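Below: one structure, written as structure tokens.
The values are calculated or read from the model by the stated rules, or taken from the named source; none is laboratory data. Quick caveat: nothing in here was measured; it's all calculated off a predicted structure. Cβ placement follows ideal geometry from the backbone for every residue including glycine, while neighbour counts extend to all protein chains displayed. For accessibility, only protein heavy atoms count, side chains too; no ligands or nucleic acids. Shrake-Rupley method; radii C 1.70, N 1.55, O 1.52, S 1.80 Å.
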Amino acid sequence: MSIDGRGAVVTGGGRGIGAAVARELALRGARVVVAARSTDEIDAVATALRSGGADAWAARCDVSQPDSIASLLERARRHVGDVDILVNNAGIATAAPIATLELAEWTRLWTVNATGTFLTMQGVLSGMVERGWGRIVNVASIAALRGARYIGGYAASKHAVLGLTRSAAAEVAPHGVTVNAVCPGYVDTPMTDATVANIVEKTGMSEQDALDAILATSPQRRLILPDEVAASVAFLCDESAGSINGQTIVLDGGAISSH
């Protein structure tokens, strides 16, 4: 396999999409560093990968802290050598009307979703360019492609991730490095569970009605599976995807195209 032996870092890797990406990359032969804030979660993911025969390590990282990102990349290089693959999956989501969105919450969304992605990319890009090979995949959201009520801060931060992705892709295009993004809709993850709970709290809907409202945004009337996102991420990391650069892979069951 073309990524066999490649060193990979996956942020937000303790659960959901990140854990699925770590598993998929490991299955394809990558040596994976799983990073997130929750030590218990990343330890569990890394242990499971090792039990399946993969090379995997857990490294705690809070992407809102520049020093924590620097420490992660230093530890990653000790474990896997060159970081050839970076998947920026760490992110947070909150909901509030723009009129009442507090500056502190706006700043937190941008710090984690946009600045964390920027700093992690910045820490690996020069090495990838020098070696003439690298893959970066940023996990954005369909909120990066269109606005919606009550997610102004989140949508703005994910729009920034797409702009960063496209600009970085243009800079590194001549050097064997690609930078792409995936934009999933609602995925069957704890983040969506939290969204359902928030709808219930704010509207008084039942949990099932809140979930039905989310499912109604997809023509397929279902949540996307983490493994579906992971498969797209892994494809973008493959040698065969070397001509795909600066692109956005949308996984939304046809939601955007149907409007």
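The table that follows gives values for the structure above.
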| read-out | value |
| --- | --- |
| 1 or more residues closer than 20 Å to I92 by Cα and either without any contact (Cβ under 8 Å) to a residue 12 or more places away in the chain or basic (K, R) (or both): qualifying helices (runs of 4 or more DSSP H) within region 152-225 | 152-172, 190-203 |
| Long-range neighbours under 8 Å by Cβ, at least six apart or interchain, first residue more than 15 Å from I42 (Cα to Cα) within region 58-74, second small (G, A, S) and assigned to a helix (DSSP H, G or I) | S64/G116; I69/G116; I69/G123; A70/G123; L73/G123 |
| Filter result for the condition that a residue is touching a Pro at 6+ places or on another chain (Cβ under 9 Å) and more than 24 Å from G12 (Cα to Cα), over A255, A216 | A255 |
| V250 being assigned to a strand (DSSP E or B), open to solvent by 40 Å² or more (accessible area, probe 1.4 Å) and touching a strand residue (DSSP E or B) at 6+ places or on another chain (Cβ under 8 Å) | yes |
| Unique residue being at pLDDT 95 or above, open to solvent by less than 20 Å² (accessible area, probe 1.4 Å), under 16 Å from T120 (Cβ atoms) and part of a loop (DSSP other than H, G, I, E, B) when the list is V21, V10, V63, V34 | V63 |
| Region 100-143: number of residues that are charged (D, E, K, R) and open to solvent by 60 Å² or more (accessible area, probe 1.4 Å) | 4 |
